[in-house]
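See structure below.
The values are calculated or read from the model by the stated rules, or taken from the named source; none is laboratory data. Please read these numbers as outputs of a predicted model, since none were measured by experiment. In this analysis, Cβ positions are derived from the backbone assuming ideal geometry, glycine residues included, and neighbour counts consider all displayed protein chains. Quick note on the areas: whole protein, heavy atoms, side chains included, nothing else; ligands and nucleic acids left out. Shrake-Rupley method; radii C 1.70, N 1.55, O 1.52, S 1.80 Å.
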Amino acid sequence: ERLARVSAAFSGIRYEFSPLGEGAGRDLDPPIRFDAVDCLTLVEEALALARARTNEEVLPTLDAIRYRSARRSWETRNHIIEAQWLPNAIASGFVDDATDLYGGSKVQVIVKRLTANDWKLSQGRALGLPVASRPIGKFSLNVIPVAHGVAALQHAPDGLIVAVVTAERAGWITRVSHIGILVHAHGAPVLRHASRTFGRVVDEPLQAFVDRNLGYAAWTIVGFSVLSPKGQPAH
């Protein structure tokens with residue numbers, strides 16, 4: 001409920017690719033800002049705001065979501081959703097994987113394999129991560145197939161996080177192309193997301209989002225992973 005409410009305040013904020021950084025080193029962008037977001041930083045900042053108990057907790061919470069250690073750096077940032085961001089968010093107690101809860105028997109397991117060779121290709125090289133910071137191995141995602149996704153989320157609660165999973169694409173180091181927050185309007189599921197297409201944060205009916213993105217033949221949507229945000233532990 002808090003994530004749905006907090007994220008509503010981002011409505012209309014302009015889209016900018018990778019607007020957050022470390023403020024030093026490779027990425028000089030500020031570690032927090034509210035005048036521009038991309039799809040992931042919208043979710044990260046809204047989650048930090050929803051979870052923090054005080055203003056002073058917001059930035060440390062955001063750092064804990066974005067990085068794998070207390071050190072804020074390009075090398076420790078969770079760049080890749082299925083291989084870094086999601087495992088860190090689950091292990092740190094920020095989210096639970098709720099895909100099975102809403103997808104039931106329709107859920108499929110998709111595996112993304114990352115090899116040392118993948119990091120030599122153009123997308124891997126572009127990240128410029130040192131060898132020690134490059135995830136290698138098999139990374140699994142529970143996925144509701146796209147044909148069942150809208151119906152599966154019809155009665156799900158507002159404030160779930162929805163990761164969009166795409167078909168495998170040669171040379172790419174991720175299968176998660178987009179991420180947003182589930183809300184509802186007029187009884188139908190809606191994706192609240194920072195959209196490059198619209199140039200801002202919008203509430204887009206999930207069915208319209210699916211219809212629009214199924215046209216990307218080589219990298220079309222195959223389904224959704226669903227994450228449930230967790231609150232602060234009681235003191």
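Please go through region 1-29 and give me each residue that is part of a loop (DSSP other than H, G, I, E, B), touching a strand residue (DSSP E or B) at 6+ places or on another chain (Cβ under 7 Å) and open to solvent by 40 Å² or more (accessible area, probe 1.4 Å), ordered by number.
The initial filter retains those residues of region 1-29 that are part of a loop (DSSP other than H, G, I, E, B), namely 1, 9-13, 16-23, 25-26, 28-29.
With the extra rule that they be touching a strand residue (DSSP E or B) at 6+ places or on another chain (Cβ under 7 Å), the set shrinks to 10-13, 16, 19, 21.
SER11, GLY12, GLU16 - these are the residues of region 1-29 that are part of a loop (DSSP other than H, G, I, E, B), touching a strand residue (DSSP E or B) at 6+ places or on another chain (Cβ under 7 Å) and open to solvent by 40 Å² or more (accessible area, probe 1.4 Å).
Rundown of residues vs (1) basic (Lys, Arg); (2) touching a helix residue (DSSP H, G or I) at 6+ places or on another chain (Cβ under 8 Å), yes/no style:
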| site | (1), (2) |
| --- | --- |
| ARG169 | yes, yes |
| HIS184 | no, no |
| HIS193 | no, yes |
| VAL222 | no, yes |
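Can you tell which of ILE136, ILE173 is within 18 Å of the chain's Cα centre (by Cα) and of a type in the set (A, V, I, L, M, F, W, C)? Please lay out each step first, then the result.
Numbers: ILE136 fails: within 18 Å of the chain's Cα centre (by Cα).
Just a single option satisfies the conditions, and that option is ILE173.
Mind listing whichever residues of region 55-76 are under 20 Å from LEU141 (Cα atoms) and either part of a strand (DSSP E or B) or open to solvent by 70 Å² or more (accessible area, probe 1.4 Å) (or both)?
Initially, region 55-76 is screened for residues under 20 Å from LEU141 (Cα atoms), giving 65-66, 68.
Correct list: ARG68 only.
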For region 30-54 the number of residues that are without any contact (Cβ under 8 Å) to a residue 60 or more places away in the chain and either open to solvent by 30 Å² or more (accessible area, probe 1.4 Å) or farther than 18 Å from ILE181 by Cβ (or both) is 8
Take residues that are within 18 Å of ILE221 (Cβ to Cβ), in contact (Cβ under 8 Å) with a residue 12 or more places away in the chain and not basic (Lys, Arg) and tell me which of the strands (runs of 3 or more DSSP E) falling wholly in region 93-175 contain 3 or more. 108-114, 137-145, 161-166
Residue that is nearest to ILE81 (Cα to Cα), among those in region 98-134 that are surrounded by 18 or more Cβ atoms within 10 Å (Cβ to Cβ), at pLDDT 95 or above and of a type in the set (Gly, Ala, Ser): ALA98
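Out of the residues in region 10-32 that are under 20 Å from PRO60 (Cβ atoms) and among the hydrophobic types (A, V, I, L, M, F, W, C), which is farthest from the chain's Cα centre (by Cα)?
Taking region 10-32 as the starting set, the residues that turn out to be under 20 Å from PRO60 (Cβ atoms) are 19-25, 27, 29-32.
From what is left, the residues that are among the hydrophobic types (A, V, I, L, M, F, W, C) are 20, 24, 32.
Numbers: LEU20: 14, ALA24: 24, ILE32: 17 Å.
Restricting to residues being under 20 Å from PRO60 (Cβ atoms) and among the hydrophobic types (A, V, I, L, M, F, W, C), the top hit is ALA24.
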Looking only at region 150-170, which residues are over 17 Å from the mean Cα position of the chain (by Cα) and not aliphatic (A, V, I, L, M)? GLN154, HIS155, PRO157, GLU168, ARG169
Subset of region 135-194, residues modelled with pLDDT of 95 or more, open to solvent by 10 Å² or more (accessible area, probe 1.4 Å) and touching a Phe, Trp or Tyr at 6+ places or on another chain (Cβ under 6 Å), comes to ALA152
Any idea which of ARG66, ARG77, ARG26 is more than 26 Å from ALA147 (Cβ to Cβ) and modelled with pLDDT under 95? ARG26
Return the residue satisfying two criteria in turn: it lies in region 176-201 and is more than 18 Å from the chain's Cα centre (by Cα) and not in a loop (DSSP other than H, G, I, E, B), and of such residues it is nearest to ARG125 (Cα to Cα). HIS184
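With the structure loaded, tell me whether VAL222 is out of contact with any Lys or Arg (no Cβ under 7 Å at 6 or more places or on another chain) and open to solvent by less than 30 Å² (accessible area, probe 1.4 Å) or whether it fails that test.
Values: out of contact with any Lys or Arg (no Cβ under 7 Å at 6 or more places or on another chain): yes; open to solvent by less than 30 Å² (accessible area, probe 1.4 Å): no.
No: the conditions fail for VAL222.
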Quick check, is SER92 of a type in the set (S, T, N, Q), surrounded by fewer than 15 Cβ atoms within 10 Å (Cβ to Cβ) and under 16 Å from the mean Cα position of the chain (by Cα)? yes
